[in-house]
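In what follows, a structure is listed as structure tokens, so that the remarks can point back to it.
Nothing in this text is a laboratory measurement; each read-out follows from the coordinates by a stated rule. Since we're looking at a predicted model, the values are computed, not measured. In this analysis, Cβ positions are derived from the backbone assuming ideal geometry, glycine residues included, and neighbour counts consider all displayed protein chains.
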């Protein structure tokens, strides 16, 4: 996976925003990409958005909320009334941004991220749709753009019948931190 300009190995291994003034390297990379982390979405049930345990942060499933709402709902597939796979891949990018925000909510400084270890993407799929890996690539590519080599991860892409609030995509990740 190639990262964009300025993102190289160890983007998440810098000294961090807490070591000086101004944004850390990951925050600067997000700004360079024109991306802004959202406010962490309030849980829709009895859980927290992310948990720090040892040197790992585990996120809960992140939906593609933008300003507290889902812009698209339904099943992913080809045909009338379905969410096109390319649109679903963009929603997976939003889920990844929401997951990064959830990680930041428990560690503060994103430069503490050493590696994105694992991503699990769930795609609410029409029964004939088998392109789940392409949808979840939206998230994987974003993580590579933001974290460089530290964003390359193990991954599962799973087709499911339905997701919470009829979301087309849900994503969770595990990040190694220092």
_Inter-label distance for residue 161 and residue 69, nm, one decimal - labels placed 7 Å from Cα along Cα-to-Cβ_ = 3.0
*So what's the angle, to the nearest 10 degrees on a 0 to 90 scale, between helix 132-147 and the longest Cα principal axis of the chain?*
10
*Expected-Rg normalisation [2.2 N^0.38 Å, Cα atoms] applied to the chain*: 1.00
*Mind pulling the angle between the C-alpha long axis of helix 85-107 and the longest principal axis of the chain? Nearest 10 degrees, somewhere in 0 to 90.*
40
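Fully extended, how many nm does the chain gain between residue 154 and residue 42 (0.36 nm per residue separation, minus their Cα-Cα distance)? Could the numbers behind the result be given before it?
Working: separation 112, 0.36 × 112 = 40.32 nm, distance 2.71 nm.
Full extension of this stretch gives 37.6 nm more.
Looking at the range 11-177, what % of its DSSP beta bridges pair antiparallel, to the nearest 5?
Just about 70 percent of them are antiparallel.
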